[in-house]
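Read through the structure below, which is laid out as structure tokens, and then see the notes.
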Amino acid sequence: MFDKLIEILSNWWLQLTPVIIIRHYEEAVLLRLGKFKSVLKPGIHFKIPMFDEVIDQHIVTTTLSLDAQSLYTADKQNIVVKGLIKYKIADVKIFLLEVWDAQDALSDMSQAIIKNIIMSMTLDECTDQELDNILTKKVRVEAKKWGVEVQQVTLTDLAPIRSYRLINDTFTNKLD
């Protein structure tokens, strides 16, 4: 009960103070009455209490793990692929104000690009060292639209898997 009260009081305090400090590893956007006013770089900044809202974001390099996905290669081999994206925020305004969930969008877009490239290659081509560079270039172009600078896309796992059919034809015929 007291933690909610403390949270409310601290939020009010942040709204009423005319000074905001942006740390060295952050950037922020300043919204005045809900509209974009400016990008705040690290340092001390002044704001109008109750009229200005500051949204800060870490901009240093970070990683995003991609979920494993099962794909078929061009030569009909079933493989599982898992990846990692190393990125940093290049344009905090676009990242915070023009994309709903930029990390989720980055993950989904990267997985789609990986899927399209892997499905157009044979299994032998997929094990080539150049594949990570191809993926990085394509993801970098798309992510730039969201204010994200992709530094590297790496496939951490790429392995053939066996696929077993759990339902046989006689069972599916009985359902018809």
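The values are calculated or read from the model by the stated rules, or taken from the named source; none is laboratory data. Since the model is a prediction, treat every value here as computed from it, not as a measurement. So basically every Cβ, Gly included, is an ideal-geometry build from the backbone, and we count neighbours across all protein chains shown. The protein model used for the area step is the full one, side chains on, heavy atoms only, and it has no ligands, DNA or RNA in it. Shrake-Rupley method; radii C 1.70, N 1.55, O 1.52, S 1.80 Å.
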On the basis of being under 19 Å from the mean Cα position of the chain (by Cα), at pLDDT 90 or above and surrounded by 12 or more Cβ atoms within 10 Å (Cβ to Cβ), does VAL153 make the cut?
yes
I'd like to verify a number: residues in segment 133-148 that are surrounded by fewer than 16 Cβ atoms within 10 Å (Cβ to Cβ) and within 11 Å of the chain's Cα centre (by Cα), how many?
0
Those residues of segment 25-34 which are over 18 Å from GLY147 (Cβ atoms) and surrounded by 11 or more Cβ atoms within 10 Å (Cβ to Cβ) amount to ARG32
Residue list for segment 35-48, filter: open to solvent by less than 90 Å² (accessible area, probe 1.4 Å) and either under 26 Å from VAL60 (Cα atoms) or touching a Leu at 6+ places or on another chain (Cβ under 8 Å) (or both)
PHE36, SER38, VAL39, LEU40, PRO42, GLY43, HIS45, LYS47
Failed item, numbered, when LEU64 is tested on (1) within 30 Å of SER120 (Cβ to Cβ); (2) open to solvent by 50 Å² or more (accessible area, probe 1.4 Å); (3) not acidic (Asp, Glu)
(2)
A careful count of residues in segment 1-24 that are surrounded by 10 or more Cβ atoms within 10 Å (Cβ to Cβ), under 25 Å from the mean Cα position of the chain (by Cα) and in a loop (DSSP other than H, G, I, E, B) gives 1
What's the number of the only condition in (1) open to solvent by less than 30 Å² (accessible area, probe 1.4 Å); (2) under 27 Å from ARG32 (Cα atoms) that GLU98 fails to meet?
(1)
